[in-house]
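The structure appears right after this line, and notes come after that.
The values are calculated or read from the model by the stated rules, or taken from the named source; none is laboratory data. As the structure is a computational prediction, the values presented were derived from the model and not from experiment. Counting neighbours? That spans all protein chains shown, and the Cβs are built from the backbone with ideal geometry, glycine included. What goes into the accessible areas is simple: the full protein's heavy atoms, side chains included, and nothing from ligands, DNA or RNA. Shrake-Rupley method; radii C 1.70, N 1.55, O 1.52, S 1.80 Å.
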Amino acid sequence: KDRGLELGIIFETNRGCPFACAYCDWGSATMSKVRQFDLQRTYDEIEFVCNELKPNFWFHADANFGLTDKDIDVANHLVKTKSQCGYPKTFYYSPSKNTVKRNIELAKILWDGKVIDTFNIGIQHADKDVLMANKRGNITPAQFERVGKELINYGIPANTQMILGMPGDTRDKWFDSLCQIFEWGFHCETKVYWYNLLPNAPAAHPDYMDQWQIETKPIIYNQSRL
């Protein structure tokens, strides 16, 4: 604050991720049991952060916010706390991959409580073969379509996230996938991320790299300027 900078915080209510997306290295905790933090501890920390630290930006670092019913309680408490103190100003989270009804309920709570101003849809790709190649075969595009359409109809803008250069992808599959999300009505914003090979992700294993003939090139760039 003394330097005229706004505070951003990283906050989590659990550790681990039950999914196995090949490109992901969530703290080396993919395909693991999810360890939930004590709910009262979470409430107390939310109140402390919002009332005392007053963050401008809140990154909710759970790998799958909305994975359990507990997350509905967390969202309601966050909304209640913000209504009292006005913080956080902005909020970002990663929705759970395939809990459709809970994702919709959670987003509506956060939207009505003026915590979020958009909903992030991490589709990554809409082609089933590309999803299978990247160990996302149990996460269907139809689930994202249903969530996105209902929330857009509710009035929440959808921010679609895609990954360019996934193993198994082709130029035709990529453009077909991109057109598919537009046909669903996801027109607000589409963010395209380069496929990154993270050191501890399953995709970085030599067997996987050989299977998909992955070649890499180190690139250093300042993402804040993109």
Checklist outcome for this item: Residues meeting the amide H criterion for Leu198 (H placed from the backbone, H to H distance under 5 Å, 5 or more places apart or on another chain) are none
Checklist entry - Over the range 1-133, one equal point on each Cα, no solvent: what is log10 I(q)/I(0) by the Debye formula at q = 0.19, 0.21 Å⁻¹? => result -1.13, -1.32
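Quick check for you: with a 1.4 Å probe and neighbouring chains kept, what is the accessible area per residue of the chain, in Å²?
56 Å²
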Checklist entry - Do the sum for the chain: with -39,500 (n - 2.57) for every DSSP H run of n ≥ 4, divided by all residues, what is the mean residue ellipticity at 222 nm, to the nearest 500 deg cm²/dmol? => result -10500 deg cm²/dmol
Next on the checklist: Taking amide H atoms as placed 1.01 Å from N in the peptide plane, list the residues 5 or more away in sequence, or in a different chain, whose amide H sits under 5 Å from that of Tyr193.
Outcome noted: Met162, Ile163, Leu164
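Within the range 1-102, which trypsin sites (Lys or Arg not before Pro) sit in a loop by DSSP and count at most 11 neighbouring Cβ atoms inside 10 Å? Mind showing how you got there, number by number?
Details: sites: Lys1, Arg3, Arg15, Lys33, Arg35, Arg41, Lys70, Lys80, Lys82, Lys89, Lys97, Lys101, Arg102; in loops: Lys1, Arg3, Lys33, Lys89, Lys97.
Passing both the DSSP loop test and the Cβ count: Lys1, Arg3, Lys33.
Counting only other residues whose beta carbon sits under 13 Å from that of Asn51, what net charge do I get with K and R as +1, D and E as -1?
Counting the neighbours of Asn51, the net charge comes to -1.
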Checklist outcome for this item: With the charge dipole of the range 49-122 built from beta-carbon charges (+1 for Lys and Arg, -1 for Asp and Glu) about the Cα centre, the Cα from Phe59, Asn103, Ile116 projecting farthest to the positive end belongs to Ile116
Checklist entry - Which GluC sites (Glu not before Pro) in the range 3-58 pass both tests, a DSSP loop state and at most 16 other beta-carbon atoms within 10 Å? => result Glu6, Glu12
Item to check | Residues of type aspartates and glutamates that Lys191 reaches as a straight line, Cα spacing below 17 Å, ignoring anything fewer than 8 places off in the same chain | outcome: Asp117, Glu145, Asp176, Glu183
Checklist outcome for this item: Karplus ³J(HN,Hα) for the range 163-175 (6.51 cos²θ - 1.76 cosθ + 1.60, θ = phi - 60°; Hz, whole; x = Gly/Pro) runs 10, 9, x, 6, x, x, 7, 9, 4, 5, 4, 5, 5
Checklist entry - By residue number, which cysteines of the chain lack any other Cys whose Cβ falls under 4.7 Å from their Cβ? => result Cys17, Cys50, Cys85, Cys179, Cys188
